[in-house]
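The values are calculated or read from the model by the stated rules, or taken from the named source; none is laboratory data. For clarity, every value in this text was computed on a predicted model and none was experimentally measured. Cβ sites come from the backbone with ideal geometry, for glycine too, and all protein chains shown count toward neighbours. The accessibility values were calculated without ligands, DNA or RNA, using every heavy atom of the protein model including side chains. Shrake-Rupley method; radii C 1.70, N 1.55, O 1.52, S 1.80 Å.
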Amino acid sequence: MSRPRTEAEYLARLVPPSVAGIGRRRLLAGAAGAGALLGTGALAGCGSDSGSDSGSDSKTVSLGSNQSDPNPKAVIAKVMDGFKTSTGIEAAINTVDHNTYQENINNYLQGKPDDVFMWFAGYRMRFFAARGLAGDLTETWGKLSGYSDAFKKASTGDDGKQYFVPTSYYPWAMFYRKSVWQQRGYQVPKTLDELNALGAQMKKDGLNPIAFADKDGWPAMGTFDVLNLRINGYQFHVDLMAGKEAWTSDKVKKIFDTWRGLLPLHQPDSLGRTWQEAAQSLQQKKSGMYLLGLFVAQQFGNDEQDDIDFFTFPEIDPAIGAKALDAPIDGYMMARKPKSEANARRLLEFVGSKEAANITVKNDPSTLVANSGADTSGYTALQKKAAELVGSATEIAQFLDRDTRPDFASTVIIPAFQQFIKNPNDIDGLVNSIENQKKSIFSS
């Protein structure tokens, strides 16, 4: 599916019918047609609304996958091969472009989704669980081992039941090539002033100081998250995401003002660039550093993995420090009425096992596995350092579009951040607009 051509089309694709109020629906209908709200099912599934386990005697189960890039797609295929070898059940993988998958998840879950689907921990998992769009996995969790209480908590809905099986996680940090930094004599910045000074030097050396891309809308959220965590602290951040704090506050304005000061160090024309293209500029030694998740390693060859390093985003306020970070958790959920519930549960038990985790460790240097029983002796130096970073964090956020309402993130935050990137000088107008739309959405 192509990117939406207009804002009206974009909004019509994203607002979930189950949470859109009548006024909001009529507003969008006037812009793009009411029928567009129901979507066209671009993310098509194979499930059933019958509620019966009609496929319980079959040897297949369907899986909705957002792992569309070549490397992670190949890893998922190997994990599913392991599942077939272990159980004799074949997983039919429905792979959809990652961004399309996220844009259509609401319509997908309300239609006929696959038996099992990939998703994320955090608010977005609880959001769908609370609306009856996911299956209860409490029974399945009773058969899992190797998970900390923190992972179980991240898998638990508002009703105390589990709806999610975590399989991997990854920190966001500032990544760079060691060889470039050694050649230039660059040092890891510990403060915002040092980061600015380093960026200025990189510009003199002919580099884009900070690789940057926001064509798909979500990467800029990582910049906002880390600035909020550094400027205002973890609790304010999660409260802002939950709609409990005003976007018009001086604390939020300071985030955007700080971001505005950093934009000249960012790679220009970011709204026309994908994260993969920005990562390739780092790989090609055209950019000096890149704020992204550990998955940035997917854009480097196997012989280049040892040349990747990272540092956590530097301190801004000494009273707050630099220990909080985004470390999103990825995993699997079950449809509310899977065609084959028995096979779906067997698949979820497998992907949550140390056997599946071991397959991932052997084949994917760009993530960390959640199951503590896995053999992580095969981790690269980068993975080991990433695991240590997460282990030393004082607070961990899931990422903006996982820590807030999906309709707010999609229809308000993405357009607002992209508008800010185009015109960073009207911060008051920006935050007023976000706050007004927030009130409408969070009151629905």
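Annotations
- Being in the same structural domain as N363 (by TED's automatic domain parsing), in contact with a helix residue (DSSP H, G or I) (Cβ under 6 Å, 6 or more places away or on another chain) and modelled with pLDDT of 95 or more holds for only one residue in A91, A121, and it is A91.
- Residue match in region 388-401 (condition: in contact with a Ser or Thr (Cβ under 7 Å, 6 or more places away or on another chain) and either at pLDDT 95 or above or not basic (K, R) (or both)): yes
- Close pairs (6 angstrom Cβ cut-off, 6 or more residues apart or separate chains): over 21 Å from Q235 (Cβ atoms) in region 305-332, small (G, A, S) anywhere: D307/S179; I308/A297; F310/A173; D330/S168
- Contact annotation: residue pairs with Cβ atoms under 9 Å, 6 or more positions apart or on different chains, pairing a residue in region 377-394 that is over 14 Å from Y169 (Cβ atoms) and open to solvent by less than 30 Å² (accessible area, probe 1.4 Å) with a partner that is among the aliphatic types (A, V, I, L, M) and not in a helix (DSSP H, G or I), are L382/I308.
- For beta carbons closer than 7 Å, sequence separation of 6+ or different chains, a first residue in region 93-111 that is in a helix (DSSP H, G or I) and a second that is open to solvent by 30 Å² or more (accessible area, probe 1.4 Å) and among the polar types (S, T, N, Q), the qualifying pairs are H98/S68; Q110/S18.
- Set A397, A393, A387: member being closer than 17 Å to D225 by Cβ, touching a Leu at 6+ places or on another chain (Cβ under 6 Å) and among the small types (G, A, S): A393
- Residues being crowded, with 24+ Cβ neighbours inside 10 Å and of a type in the set (S, T, N, Q) - total across region 396-409: 1
- G185 vs. criteria at pLDDT below 95 and not hydroxyl-bearing (S, T, Y): no
- Summed over region 196-228, residues that are assigned to a helix (DSSP H, G or I), open to solvent by less than 30 Å² (accessible area, probe 1.4 Å) and closer than 20 Å to I421 by Cα total 11.
- Matching residues, region 138-188, being outside the structural domain of A335 (by TED's automatic domain parsing), assigned to a helix (DSSP H, G or I), open to solvent by less than 60 Å² (accessible area, probe 1.4 Å) and touching a strand residue (DSSP E or B) at 6+ places or on another chain (Cβ under 9 Å): V180, W181
- Exactly one residue among N343, N436, N371, N358 is in contact (Cβ under 8 Å) with a residue 40 or more places away in the chain and assigned to a helix (DSSP H, G or I), and that residue is N343.
- Single match in G261, G293, G272, G288 (criterion: free of Cβ contacts under 8 Å to residues at least 60 places away in the same chain and small (G, A, S)): G272
- Taking the criterion of being small (G, A, S) and either open to solvent by 10 Å² or more (accessible area, probe 1.4 Å) or closer than 13 Å to V226 by Cα (or both), the residues of region 309-339 that qualify are A319, G321, A322, A324, A327.
- Out of G135, G82, G157, G146, sole residue that is touching a Lys or Arg at 6+ places or on another chain (Cβ under 9 Å) and at pLDDT 95 or above: G135
- Flag not set for G288, criterion: under 25 Å from L198 (Cα atoms), in a helix (DSSP H, G or I) and not hydrophobic (A, V, I, L, M, F, W, C).
- Contacts under 9 angstrom Cβ, first residue in region 151-162 being under 15 Å from Q398 (Cβ atoms), partner acidic (D, E), 6 or more apart: G157/D136
- Out of L271, L282, L262, sole residue that is more than 22 Å from H98 (Cα to Cα) and part of a helix (DSSP H, G or I): L262
- Residue check for I89: touching a Phe, Trp or Tyr at 6+ places or on another chain (Cβ under 9 Å) and crowded, with 23+ Cβ neighbours inside 10 Å: no
- Condition broken by A342, with the remaining ones in (1) over 20 Å from V61 (Cα atoms); (2) open to solvent by 10 Å² or more (accessible area, probe 1.4 Å) satisfied: (1)
- Filter result for I76 (part of a helix (DSSP H, G or I), within 24 Å of L348 (Cβ to Cβ) and at pLDDT 85 or above): yes
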